[in-house]
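Student: This is the structure I want to talk about, given as structure tokens.
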Amino acid sequence: MMRLPFFLSMQSCPRRCIYCHQGEITGVFDIPSPEHVEAAAASATRPAEVCFFGGSFTCLPPNRQKAYLDGVLKAPRGSTVRLSTHPECLSPAVLALLASYPVSMIELGISSLDDHVLSMCNRGYSGAVALSALESVLDAGFHGGAQMMIGLPGQSEESSFDDLRRLGAARKGRPLTIRIYPCLVLKNTPLEELYRKGGYVPLDVDRAALWSGRLLILARELGIPVQRVGLQESATLGRSIVAGPHHPAFGELARAAELAFSLAAGSSSGPWQVPRKAMSLLTGHRQYGLRLLACRTGLSPEETARRVVFAGNTETNGKFPDERGIDGTLSWE
């Protein structure tokens with residue numbers, strides 16, 4: 001199914017979160033009108049997933065929500081709608097309105113379920129409120145989505161793992177997917193001011209990738225699919241980052257960490273059977289996954305490479321490129 005994305009940057013958000021500047025993240029500053037959405041939907045030649053990202057869709061006035069959704073109905077039969085919104089803007093009336101349209105997924109910007117973290121980020125609600133909102137989405141029969149973040153002010157790794165466990169408990173076998181985003185310090189945000197005053201220390205790329213890798217393992221254990229790790233790259237995003245774990249292939253680093261952790265947990269000495277399609281997770285980005293696996297097992301990178309066997313019984317024989325980690329060092333714990 002083709003995708004038609006529309007970005008409603010900062011539209012109807014109840015408040016300004018400490019880290020947020022959606023225009024800088026997406027590179028989209030002009031808000032599409034309902035007429036623009038209708039024209040794009042009508043021009044689709046096959047069923048499409050129409051996506052409303054950014055902003056808080058259900059915080060828009062009801063007539064504005066309806067105008068956007070009516071425009072979607074011009075798309076070919078079989079088209080669906082995905083939208084993201086704020087946990088405070090979901091009521092029985094809102095959910096009833098959405099149920100009258102082909103809405104397939106409702107994603108909530110949960111960020112965290114830790115009340116201390118939420119307060120520091122100016123989210124304006126408690127973890128219990130966010131969890132209740134997600135449960136109302138699932139109870140209404142929608143596919144739920146939760147957009148989680150790591151490295152937020154006041155947040156620990158264990159706090160985020162607890163968040164994910166709470167999401168897993170609320171799911172109760174119903175369809176739920178998550179996204180994982182590292183917190184970045186962007187220009188013209190309250191977080192930038194806090195960072196420059198020394199009140200916030202962002203993650204580096206290594207720590208963020210390892211943290212995300214552990215979350216991916218836990219999500220797999222809980223049976224929760226992860227749709228995306230890391231922000232979508234854009235020219236404006238790169239220009240607006242002041243500090244934080246920015247990498248153009250952050251998701252691949254996180255999944256490489258997930259693979260290395262999983263292999264090391266299964267055996268501390270190998271041999272390790274790895275699907276050939278996952279080869280790049282070990283060999284890519286200057287052997288990030290391979291060298292992490294070596295650090296986790298205490299073996300040398302050369303010996304680690306010799307003990308990796310890809311699908312089809314083709315051994316690597318240690319013939320990985322002779323490159324070091326993403327910053328030229330091995331600093332993992």
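Student: Suppose every Lys and Arg Cβ carries +1 and every Asp and Glu Cβ carries -1, with no other charges. What dipole size does the range 189-261 come out with about its Cα centre, to the nearest 20 debye?
Tutor: Using only the charged Cβ atoms, the result is roughly 80 debye.
Student: Could I ask something else about it? Report, in debye and to the nearest 20, how large the dipole of the range 148-234 comes out about its Cα centre when Lys and Arg carry +1 and Asp and Glu carry -1 on their Cβ.
Tutor: Computed about the Cα centre, the dipole is about 400 debye.
Student: Something else: Is the C-alpha gyration tensor of the range 48-89 telling us rounded, prolate or oblate? Criteria: a/c under 1.5 is rounded; beyond that, a/b larger than b/c is prolate, otherwise oblate.
Tutor: Judged from the Cα gyration tensor, the range 48-89 comes out oblate (a/c at least 1.5, b/c at or above a/b).
Student: Tell me, what is the per residue accessible area of the chain in Å², probe radius 1.4 Å?
Tutor: 43
Student: While we're here: ³J(HN,Hα) across the range 59-73 via Karplus (A = 6.51, B = -1.76, C = 1.60, θ = phi - 60°), whole Hz, x for Gly/Pro?
Tutor: 8, 5, x, x, 5, 6, 4, 5, 5, 5, 5, 4, x, 4, 5
Student: With N denoting the number of residues in the range 24-173, provide Rg(C-alpha) divided by 2.2 N^0.38 Å, to two decimal places.
Tutor: Relative to the 2.2 N^0.38 Å estimate, the range 24-173 comes out at 1.11.
Student: Could you work out how much longer the chain between Lys277 and Gln232 gets when fully extended? Use 0.36 nm per residue separation minus the Cα distance between them, nm to one decimal.
Tutor: Net length gain for the segment: 13.9 nm.
Student: Now a separate question. Picking from Asn63, Asn122, Asn188, which is most flexible by a Gaussian network model of the chain using Cα springs under 10 Å?
Tutor: Evaluated over the chain, the most mobile residue of the options is Asn63.
Student: A further question on this structure: What 222 nm value per residue comes from the helices of the chain, counting each DSSP H run with n ≥ 4 as -39,500 (n - 2.57) and dividing by all residues, nearest 500 deg cm²/dmol?
Tutor: Counting only the DSSP helices, I get -13000 deg cm²/dmol.
Student: Tilt of helix 127-139 relative to the longest C-alpha principal axis of the chain, in degrees (0 to 90, nearest 10)?
Tutor: It is inclined by approximately 70 degrees.
Student: When the gyration tensor of the range 204-310 is built from Cα positions, what are the square roots of 5 times its three eigenvalues, in whole Å, from largest to smallest?
Tutor: Ellipsoid half-lengths, sorted descending, are 26, 16, 12 Å.
Student: A follow-up question, please. Hey, could you get me the Stokes-Einstein D for the range 47-132, Kirkwood radius over alpha-carbon pairs, 20 °C and 1.002 mPa s, rounded to whole µm² s⁻¹?
Tutor: For these conditions, the coefficient is 155 µm²/s.
Student: Which value results when the Cα radius of gyration for the chain is divided by 2.2 N^0.38 Å?
Tutor: 1.07
The values are calculated or read from the model by the stated rules, or taken from the named source; none is laboratory data. A quick note: this is a predicted structure, and the numbers were derived from the prediction, not measured. Neighbour counts are summed over all protein chains in view; Cβ atoms, including those assigned to glycine, are modelled from backbone coordinates with ideal geometry. Surface accessibility is based on the protein's heavy atoms, side chains included, excluding ligands, DNA and RNA. Shrake-Rupley method; radii C 1.70, N 1.55, O 1.52, S 1.80 Å.
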